[in-house]
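The values are calculated or read from the model by the stated rules, or taken from the named source; none is laboratory data. Every value quoted in this text rests on a predicted model; they were computed, and no experiment measured them. Please note: Cβ atoms are built from the backbone with ideal geometry, for glycine as well, and neighbour counts cover all protein chains shown.
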Amino acid sequence: MIGGPRVANRRPLAPVQRGGPVHGIGRDAVDGWLDLTKLVAGSGGNKTPYEEFASAIGGTGGSVVPPSSPEGGRDVYVDLAGWHLYLRDMGTGVPGSSLKMSQALAQQLGPQLNKGLREPDVEALLKKVPVKLGAGKLKASLYDVMPSMCVGDLVRLCEEFARR
């Protein structure tokens with residue numbers, strides 16, 4: 001017989017009861033899990049002043065974003081042989097850091113938004129940001145690995161956030 005012998009007397013699973021009280025260690029586990037999900041989902045923990053800006057810089061990456069939102073239709077990414085690496089998925093290369101490139105750029109550009117950033121200012125910053133390729137065998141500037149339209153989109157995002 002393929003798959004082994006059949007078991008005739010299987011008991012059905014007990015229905016899950018919802019809404020009942022949770023006591024003792026179970027409640028602690030549930031509360032801990034909810035805290036963890038808030039942290040992972042971004043609704044808990046400390047937020048940086050430029051978190052929304054960092055999210056916009058990170059690119060939409062296939063997620064559905066309403067056209068009326070600041071990041072609607074804007075994709076800021078690095079192009080590597082036709083592959084699009086969104087800045088929210090790209091690490092900064094700082095050992096031991098979980099900081100993403102979108103967060104690092106938001107921290108650098110955010111304080112300057114009210115001063116009226118121009119395209120040459122954004123380009124100058126992008127040219128100073130090193131990107132390691134091939135596990136560090138090659139280095140290029142972030143400006144060099146971003147398509148021109150993405151640099152333009154980043155500049156427009158800066159202008160839009162400056163108007164807020």
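Here are a few things to note about the model shown:
- Only one of the numbered conditions (1) at pLDDT below 90; (2) over 26 Å from Arg163 (Cα atoms); (3) not in a loop (DSSP other than H, G, I, E, B) is violated by Ala54, and that is (2).
- Within this structure, Ser102 passes the test of being out of contact with any strand residue (DSSP E or B) (no Cβ under 6 Å at 6 or more places or on another chain), touching a residue at least 40 places away in the same chain (Cβ under 8 Å) and of a type in the set (Ser, Thr, Tyr).
- When the criteria are applied in full, Leu142 meets the requirement of being modelled with pLDDT of 95 or more and among the hydrophobic types (A, V, I, L, M, F, W, C).
- Residue satisfying all of: in segment 115-164; part of a helix (DSSP H, G or I) and in contact with a Ser or Thr (Cβ under 9 Å, 6 or more places away or on another chain); surrounded by the most Cβ atoms within 10 Å (Cβ to Cβ) among these: Leu126
- Scanning segment 97-107 for residues that are under 15 Å from Lys132 (Cβ atoms) and surrounded by fewer than 19 Cβ atoms within 10 Å (Cβ to Cβ) yields Ser97, Leu99.
- A count restricted to segment 111-144 and to residues that are aromatic (Phe, Trp, Tyr) and over 21 Å from the mean Cα position of the chain (by Cα) stands at 0.
- Scan of segment 81-114 for residues that are in a loop (DSSP other than H, G, I, E, B) and on the phi < 0 side of the Ramachandran plot, ordered by number: Leu87, Arg88, Asp89, Met90, Thr92, Val94, Pro95, Ser97, Ser98, Leu99
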